[in-house]
Amino acid sequence: AKLASLRAENRPVCVDATAAWCITCLVNEKVALSGAVVHEAFAQKHIAFLVADWTNRNPEITALLAAHGRSGVPLYLYYAPGASNAVILPQVLTEPVVLNAIGAK
């Protein structure tokens, strides 16, 4: 519901579908998503960052994963303003990959 609301406002949105037990997710968070450069780029572009926590196999997140051809996490999506579809980022992230996906590099 939050994703739909933000997209209806034509706001850019990044979705991080993750789980506490996902090692790749934890590494990506540390290496690519939690640094000051990425945080500043998101703030400058007014990108909403949503975490879809699939730790307990939430059915709404399961549906989101399936809609993008995935059966598990990680899944990283970027919805540009006005875009009808999300850009699916790689499962292994780096800061440059994230910055390039959001047009900040």
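Observations, loosely collected:
- Some residue of segment 54-61 being in contact with a Phe, Trp or Tyr (Cβ under 7 Å, 6 or more places away or on another chain), farther than 19 Å from PRO90 by Cα and either without any contact (Cβ under 8 Å) to a residue 60 or more places away in the chain or open to solvent by 10 Å² or more (accessible area, probe 1.4 Å) (or both): yes
- VAL37 being touching a strand residue (DSSP E or B) at 6+ places or on another chain (Cβ under 7 Å) and touching a residue at least 40 places away in the same chain (Cβ under 8 Å): no
- Here VAL31 does not fit the description of being more than 21 Å from LEU6 (Cα to Cα), in contact with a Pro (Cβ under 9 Å, 6 or more places away or on another chain) and among the β-branched types (Val, Ile, Thr).
- Selection from segment 25-52 of residues that are over 22 Å from GLY103 (Cβ atoms) and surrounded by 15 or more Cβ atoms within 10 Å (Cβ to Cβ): CYS25, ALA52
- A single entry from LEU75, LEU65, LEU89, LEU50 fulfils the requirement of being of a type outside the set (Lys, Arg), at pLDDT 95 or above, within 20 Å of ALA32 (Cβ to Cβ) and in contact with a Lys or Arg (Cβ under 9 Å, 6 or more places away or on another chain): LEU50.
- Residue within segment 78-97 that is within 20 Å of ALA8 (Cβ to Cβ) and touching a Cys at 6+ places or on another chain (Cβ under 7 Å) present: yes
- Residue in segment 63-76 that is in contact (Cβ under 8 Å) with a residue 12 or more places away in the chain, assigned to a helix (DSSP H, G or I) and either surrounded by 14 or more Cβ atoms within 10 Å (Cβ to Cβ) or among the β-branched types (Val, Ile, Thr) (or both) present: yes
The values are calculated or read from the model by the stated rules, or taken from the named source; none is laboratory data. Remember, it's a predicted structure, so these values are computed and weren't measured experimentally. Positions of Cβ are backbone-derived with ideal geometry, glycine not excepted, and every protein chain shown enters the neighbour counts. SASA here: full protein model, heavy atoms, side chains in, ligands and nucleic acids out. Shrake-Rupley method; radii C 1.70, N 1.55, O 1.52, S 1.80 Å.
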